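The values are calculated or read from the model by the stated rules, or taken from the named source; none is laboratory data. Remember, it's a predicted structure, so these values are computed and weren't measured experimentally. Backbone-built Cβ (ideal geometry, glycine too); neighbour counts: all protein chains shown. Ligands, DNA and RNA are excluded from the accessible area calculation, which covers all protein heavy atoms including side chains. Shrake-Rupley method; radii C 1.70, N 1.55, O 1.52, S 1.80 Å.
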Amino acid sequence: MNVPNNLKYTKDHEWLKIDGEFAFIGVTDYAQHELGDIVFIEVETVGESLAKEEAFGTIEAVKTVSDMFMPVGGEVLEFNEELSATPELINKDPYGQGWVVRIRVSDPAELEDLLDATAYKALIES
């Protein structure tokens, strides 16, 4: 499984890439592998401020539908519109073109609670 060192991770298998006061959120390589072929992404929270661990959208695969949760609190600024037409980008490039939302982080202190790559690898290998 690919687990880039420059990202933060949650126990729910979302990743977060910090970009100043903003962050990109997606699902990990492990999550997309476990879900299988992604067929639909729904995010109806753009423009909303959500708390840490609140659901910001759903991801639908051939075999299941799962909620996606906020790694930290913040305002959902943008949905990756490419996923509307090509949800399989999450399978092909989960850490690049497969990002799901961009947020404005409301409390940078919450970043401390996230897992680094080493801790996330230990979680998925246990």
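Just one of the numbered conditions (1) of a type in the set (A, V, I, L, M); (2) open to solvent by less than 50 Å² (accessible area, probe 1.4 Å); (3) over 17 Å from Ala117 (Cα atoms) is not true of Val46; which one?
Looking at each condition in turn, Val46 falls short on (2).
How do the pairs read when you match residues in the range 102-116 that are within 17 Å of Leu77 (Cβ to Cβ) and of a type in the set (Gly, Ala, Ser) with residues anywhere that are at pLDDT 95 or above and open to solvent by 80 Å² or more (accessible area, probe 1.4 Å), using Cβ under 7 Å and keeping only pairs 6 or more apart or on different chains?
That search, which allows pairs on different chains as well, returns Ser106/Ser49.
So which residues in the range 1-35 are open to solvent by 50 Å² or more (accessible area, probe 1.4 Å), within 11 Å of Ala117 (Cα to Cα) and under 11 Å from the mean Cα position of the chain (by Cα)?
Across the range 1-35, the qualifying residue is only Lys8.
Read through the list (1) open to solvent by 40 Å² or more (accessible area, probe 1.4 Å); (2) of a type in the set (A, V, I, L, M); (3) not in a loop (DSSP other than H, G, I, E, B), then give the number of the only condition that Ile124 fails.
Every condition holds for Ile124 apart from (1).
Just a yes or no: is a residue in the range 54-74 over 14 Å from the mean Cα position of the chain (by Cα), small (Gly, Ala, Ser), open to solvent by 70 Å² or more (accessible area, probe 1.4 Å) and more than 20 Å from Ala119 (Cβ to Cβ)?
The answer is no, given that none of the residues of the range 54-74 is over 14 Å from the mean Cα position of the chain (by Cα), small (Gly, Ala, Ser), open to solvent by 70 Å² or more (accessible area, probe 1.4 Å) and more than 20 Å from Ala119 (Cβ to Cβ).
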